[in-house]
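Below you'll find the structure, written out as structure tokens, and then a few comments.
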Amino acid sequence: MKNIQCDNPIRRQVFNLPNIVEAQLEACFGSGLRELMTMAEIFDVRKIILTGCGDSYAAAIAMAPVVEKYCDCFGVQVMRAIDFTRFLSKNEIGIGEPNSPLVIAISAGGSTARICEALKKANEVGAFSILMTNNSESRAAMLAKRVYCLNILGISDKGSDVQSYFASLIGLLSFANRFGHVRGTLPPMASSAFQAAVRDYVMSFAKSLDTIDAQMYELAQRWKDFERFDFIGDDAELSSALFGAAKFLEANGCCVSVDDSEDWCHINYFLKEPDTVGTIVIADRNSPAYDRERETIRSAVAIGRPVLVVTNGDPEDFVSKAIVCQIPETPDGYEWLLPLMDYIPLSLLAGYVAELQTETSSRFQKTPDLNGNFCEQSLMTIDSSKIEIFD
């Protein structure tokens, strides 16, 4: 198969997800989670703030509805790290009760300056801070009140981060399950049911991966010369749009934009040369926005946009000129699991476009500018940014 000849790090991590799901479930739903917070501490929490940068921020968006559904709190808020650290006052955070609010910062590596800043601020204003990470020895881990280690299996292909994102999603699911069990929104056997649903959903993708993979390879050959890509998703599916856009940008260095199905019609609809803008829409047939997404897709196709629709719906729901990648449906009662896997076609497409453009697997692995400064940490400032506390 020609697509195997274009094998790449993103593709390898995608195909490895069914192989690691069992170990990841054991790591996230195991004793480490039960020991993370006492039952009394869990009962104290009145508000939860989820924060992260890049992929971690997308993971927070993806699973916030599940956390809110089962955690029995007054509110679950997803915040960009910079908004939490620099613009949220102590009064707005809601300090006043013990062990609340709970601030969960997500960072696989644990070295990001803004995550360290978020944890430090949470501690200083009196919130309960938790770091969700794969590095329990990181500098962020040294700042957090508690550390929830995801124990992500060894990743041989650095830079694509599909596996890290997958682990963060399962970590947040397990956290919601634990809170729900303690606070009575879920029955005692919910942990086993959650894990079975995750396992079944991932394995249903395993059966479809070859078909999805071949479809994305064929599309990549048609889209490989595009330099602009639009990603559209609503509610939790906005997270997958963000993650997919990040993979395209990191792998290809192309120009990307992310929006919801309504706002796209107000802004990105007007981009010139529409026939050169690859447009990807994630459409959940169970979403209240499904009809709006269908309208947006119809508009995009009508103005000449090349459109890929990733959906659990019927391909006949969409105009004929749209390319439809049909993904497996979630198990009954677990419709909120869709963001756990619906970014897979986007990831595969990003890897193939990069490979066909003869790009490296990550922009961090090359220095495209003449001065050779592209990979300088002092210029990236992801880890080296000055940490300041504004309360």
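Yes or no: region 263-280 includes at least one residue that is within 18 Å of the chain's Cα centre (by Cα) and surrounded by 22 or more Cβ atoms within 10 Å (Cβ to Cβ). Taking every residue of region 263-280 in turn, at least one turns out to be within 18 Å of the chain's Cα centre (by Cα) and surrounded by 22 or more Cβ atoms within 10 Å (Cβ to Cβ).
Check G253, G313, G233, G244 and return the single one that is in contact (Cβ under 8 Å) with a residue 24 or more places away in the chain and farther than 30 Å from V66 by Cα. Explain how you work it out, then say what you get.
Values: G313 fails: farther than 30 Å from V66 by Cα; G233 fails: farther than 30 Å from V66 by Cα; G244 fails: farther than 30 Å from V66 by Cα.
After applying the criteria, what remains is G253.
The criterion of at least 1 residues that are modelled with pLDDT under 95 and outside the structural domain of A62 (by TED's automatic domain parsing) is met by the following helices (runs of 4 or more DSSP H) wholly inside region 225-338: 237-252.
Can F374 be described as farther than 30 Å from C325 by Cα, in contact with a Lys or Arg (Cβ under 8 Å, 6 or more places away or on another chain) and either loosely packed, with under 12 Cβ neighbours inside 10 Å or modelled with pLDDT of 70 or more (or both)?
No; evaluated as a whole, the condition is false for this residue.
Given the condition farther than 23 Å from D55 by Cα, touching a residue at least 12 places away in the same chain (Cβ under 8 Å) and polar (S, T, N, Q), answer yes or no: does some residue in region 122-141 qualify? Among the residues of region 122-141, at least one is farther than 23 Å from D55 by Cα, touching a residue at least 12 places away in the same chain (Cβ under 8 Å) and polar (S, T, N, Q), which makes the answer yes.
The values are calculated or read from the model by the stated rules, or taken from the named source; none is laboratory data. The model shown is predicted, which means the values in this text are computed figures rather than measured ones. Please note: Cβ atoms are built from the backbone with ideal geometry, for glycine as well, and neighbour counts cover all protein chains shown.
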